[in-house]
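Please treat every number below as a calculation from the coordinates, not as lab data. As the structure is a computational prediction, the values presented were derived from the model and not from experiment. Cβ coordinates were reconstructed from backbone atoms using ideal geometry, including for glycine residues, and neighbour counts include every protein chain displayed.
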Amino acid sequence: MNKILKIKLLLIVCCAFLGWQSVSRAYALSQDNQLFRQGKHTVEVYLADNVLNERQSGKRNKTSEYSANLKFQTKEGQWVIVNNGFILPSEKNSLMRGESIKREYAAKNPQKLRVANRPEVSPTGEFAFGLVVILLGLYLIWNVYQTYQKQDEE
């Protein structure tokens, strides 16, 4: 097996993996959007256990992303705890002081939280990227097949 063929096969595997992941994320995002369109409520959310998780992101400009276990009371009066809920950097200090932040939860699934008063995220870009990567992988498969066809004819 020559070096170029190995590289093409590796690229095919990468395209399949990245494309599948991207299309899967787009599908999950569209399902979440549909769930929130069926009904949502805005609530005051608090830290459930006074622990805030911080994760550094970015290689050059280190930025922090935060998550925490969040608790809130639904419209029906039920208390819900959501593990690893997303926290905006600007909300961190308020939560650490014991204050609340606003979130929307899906009426049919209170475990699904979103930042309140934000437009929904469209899955179209994620889906398009995944589709392009999958098509690139299919092209590479066709290209490898054509290479083997030419070798068989010679």
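Taking the average, over residues, of other Cβ atoms within 10 Å as the packing measure, peptides 53-61, 17-25 rank 17-25, 53-61 from highest down. By the equivalent-ellipsoid construction on the alpha carbon gyration tensor, the range 1-122 comes out with semi-axes of 36, 21, 11 Å, ordered largest to smallest. Adding -39500 (n - 2.57) for every DSSP H run of four residues or longer, then dividing by how many residues the chain holds, sets the calculated 222 nm ellipticity at -16000 deg cm²/dmol.
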